[in-house]
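To keep things clear, I will list the structure first and then write my remarks on it.
The values are calculated or read from the model by the stated rules, or taken from the named source; none is laboratory data. Everything numeric in this text was worked out from a predicted model, so none of it was measured. Please note: Cβ atoms are built from the backbone with ideal geometry, for glycine as well, and neighbour counts cover all protein chains shown.
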Amino acid sequence: MTHRQAKTRRLTLTTVIGSCLLSSCASEPPTAVMQQENMALPALGNMEYHTYVLANELFAQLRPSRQAKYAIVGFVPADSLKFAPEMQDPLMMLGHQLEEGLITEATKRGYTAQEFKMTDDIIISESADRVLTRDIDQLPGIERVDFYITGTIVRQQAGAMVNARIVNARTKDVVAAATRFFPEGLFWNAEKVTSRNGRLYRVKG
């Protein structure tokens, strides 16, 4: 074998190996790619991660504007559309946490979130001081809201389906929406006995 032939063979082998590597990367299953992307993300808590993914879908088709003001309000059960304190299951605080988490996610993405539960003065008590309240008498009027971010929660056996939406405050048009399943156990482990609609249910382990 001449020197030219040997050199040509080495080039051919290099090309074949390179092609194989490229084809293996191209044929890598989407699940593996998603796992690699998740590994590249900073460590997130379970609740924080699910809220982050929900926000990614919710804001995917929108562009932030500093002129538009967003009010993020609590997520409520789809059947009653109001907070149900009698639901003593592991996801009972999901609606409140979604409100707080999406305030963070919207702000990080450049949206102007309005804190409508803030008073004009600092409330000082014997044990703490605060500026947030749910007492309507201590709250000033809301200056302007352009969009509401809210949603509903549908309870399921192993968790809850969250349906989020962004609504134009003037026209009531839904300008963006997203859905994600939130598994039970995000706050604490499921109990053996739980209360639903005023009745006790035993959960099989």
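Within region 49-79, the residues that satisfy the criterion of being more than 15 Å from the chain's Cα centre (by Cα) and of a type in the set (D, E, K, R) are Arg63, Arg66, Lys69, Asp79.
Looking across region 80-105 at every residue that is among the small types (Gly, Ala, Ser) and over 12 Å from the mean Cα position of the chain (by Cα), the one that is nearest to Val174 (Cα to Cα) is identified as Ser80. Residues in region 86-138 that are charged (D, E, K, R) and within 24 Å of Tyr52 (Cα to Cα) were compared, and the one that is modelled with the lowest pLDDT is Asp89. Restricting attention to region 139-148, does a residue exist that is under 27 Å from Glu57 (Cβ atoms), in a strand (DSSP E or B), of a type in the set (Ser, Thr, Tyr) and at pLDDT 95 or above? Scanning region 139-148 turns up at least one residue that is under 27 Å from Glu57 (Cβ atoms), in a strand (DSSP E or B), of a type in the set (Ser, Thr, Tyr) and at pLDDT 95 or above.
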